[in-house]
Amino acid sequence: MIRPRRNRSTRAIRAMVRETRVHLDQLIYPLFLVPGEDMRQVIQSMPGQFRLSKDELLREIGECMKLGIDKFAIFPSIPEALKDKTATYSWSEDNFYLHAIAEAKNQYPECFLLSDVAMDPYNSDRHDGLVEDGQILNDETLPILAKMAIAQAQAGIDMIGPSDMMDGRVGYLREALDSAGYKKTGIMSYTAKYASGFYGPFRDALDSAPNAGDKKTYQMDPANRNEAIHETMLDIQEGADIVMVKPALSYLDIISDLKAYSEVPVAAYNVSGEYAMIHAACRNGWLTYDQVMPEVLTSIVRAGADIVLTYFAKDYAELTRI
Ligand code: PBG
């Protein structure tokens, strides 16, 4: 009789035939930055994640590097008074986010930093693009994103992460970086970013929910699959170094599609709502964290992600430490 159970009979055999492994090298840990000093603000809907001031962020990066996590995506929480219609603070000389990037790269030159390029943290309308009469303007947003990207490149970011979903932005940003002399700065594009309900806790963390309307005219319809391929083709043509699917868990089919079609690496963003769901269930005693957390990461990698942005990164490193 053919008995597939033979390959499951001992721990050693199971490990030997295991098809998917999640390595720490694949993980990017998102961190939230606030101005000031000595701050470690609790984010209610994201247990274990904090809004960190620069000093705390640097300490966190150092701690993670010791655990084998050396890649970070940094998101700023901008005080209301610094927001305006055209996101001018995003490229301002005294922007605390840019200073923190420069210091992190200075203190830990070997770490990898990914930025967020989008207007929503800086925009008084809290949309990813310029708003006029309730419309999100595409082409008028691009030069603003370019200024932001160049300022981040100047601060020393390794890769920029356009998360805005404006058309043509990858090509526009590549051109802008090249002509400003930042040929080595990479682009990880939020390629298939869906208009998802799973970003709720992130918007709490950054207080960045749109003032009016929703993001459905620029983020993708969760029902669409072919369109993700279209976006991928465009981003690769325009010069993306890495393409991304976001969220991850309800979009494993999309990750698998991108892996099949893309000749550049595929990242998946295991978003805030996915993190919050697991924590909520574990806090109630309904799920076991040390079991489901690695299962979630494994499923994302199994689907085809080469890289995973995840708030679980540090816990995974601690869990798998020998
Ligand atoms: C916005 C941005 C969002 C996230 C990353 N960049 C939220 C949004 O589009 O409203 C979400 C990340 C998460 O939920 O963990 N540019």
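General remarks:
- Where ILE69 falls short, out of the listed (1) within 26 Å of MET148 (Cα to Cα); (2) within 17 Å of the chain's Cα centre (by Cα): (1)
- Of all the residues in segment 243-295, those that are among the β-branched types (Val, Ile, Thr), surrounded by fewer than 21 Cβ atoms within 10 Å (Cβ to Cβ) and closer than 18 Å to ASP25 by Cβ number 1.
- Count of segment 24-42 residues, restricted to those that are over 20 Å from ASN95 (Cβ atoms), buried (at least 16 other Cβ atoms within 10 Å of the Cβ) and of a type in the set (Val, Ile, Thr), is 1.
- Selection from segment 170-186 of residues that are without any contact (Cβ under 8 Å) to a residue 60 or more places away in the chain and surrounded by 24 or more Cβ atoms within 10 Å (Cβ to Cβ): LEU173
Residue-by-condition table, conditions (1) open to solvent by 20 Å² or more (accessible area, probe 1.4 Å); (2) within 17 Å of the chain's Cα centre (by Cα); (3) in contact (Cβ under 8 Å) with a residue 24 or more places away in the chain:
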| position | (1), (2), (3) |
| --- | --- |
| GLU60 | no, no, yes |
| PHE96 | yes, no, yes |
| ALA104 | no, no, yes |
| CYS111 | no, yes, yes |
| ASP128 | no, yes, yes |
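- Looking only at residues of segment 161-215 that are in a strand (DSSP E or B) and more than 8 Å from the ligand (Cβ to nearest atom), we find that the one that is farthest from GLU263 (Cα to Cα) is TYR194.
- Within segment 193-215, residues that are modelled with pLDDT of 95 or more sit with their Cβ atoms under 9 Å from residues that are among the acidic types (Asp, Glu) and in a loop (DSSP other than H, G, I, E, B), at 6+ positions apart or across chains, in these pairs: LYS193/ASP164; TYR194/ASP221; ALA195/ASP214; ALA195/ASP221.
- The residue that is farthest from ILE307 (Cα to Cα), among those in segment 232-247 that are charged (D, E, K, R), within 18 Å of the chain's Cα centre (by Cα) and more than 15 Å from the ligand (Cβ to nearest atom), is ASP235.
- Members of segment 1-18 that are under 38 Å from the mean Cα position of the chain (by Cα) and not small (Gly, Ala, Ser): ASN7, ARG8, THR10, ARG11, ILE13, ARG14, MET16, VAL17, ARG18
- Any hit, segment 301-312, residues being open to solvent by less than 10 Å² (accessible area, probe 1.4 Å), away from the ligand (no atom under 16 Å from the Cβ), within 30 Å of ALA176 (Cα to Cα) and of a type in the set (Val, Ile, Thr): no
- Counted as qualifying within segment 23-100 are the strands (runs of 3 or more DSSP E) with 1 or more residues that are at pLDDT 95 or above and of a type in the set (S, T, N, Q), namely 40-42.
- Checking each residue in segment 216-236 for being surrounded by fewer than 20 Cβ atoms within 10 Å (Cβ to Cβ) and assigned to a loop (DSSP other than H, G, I, E, B) picks out LYS216, THR217, TYR218, ASP221, PRO222, ALA223, ASN224, ARG225.
The values are calculated or read from the model by the stated rules, or taken from the named source; none is laboratory data. Remember, it's a predicted structure, so these values are computed and weren't measured experimentally. Ideal geometry is used to build each Cβ from the backbone, glycine not excepted, and the neighbour counts take in all protein chains shown. For the accessible areas, the whole protein counts, side chains as well, though only heavy atoms, and no ligand, DNA or RNA atoms are used. Shrake-Rupley method; radii C 1.70, N 1.55, O 1.52, S 1.80 Å.
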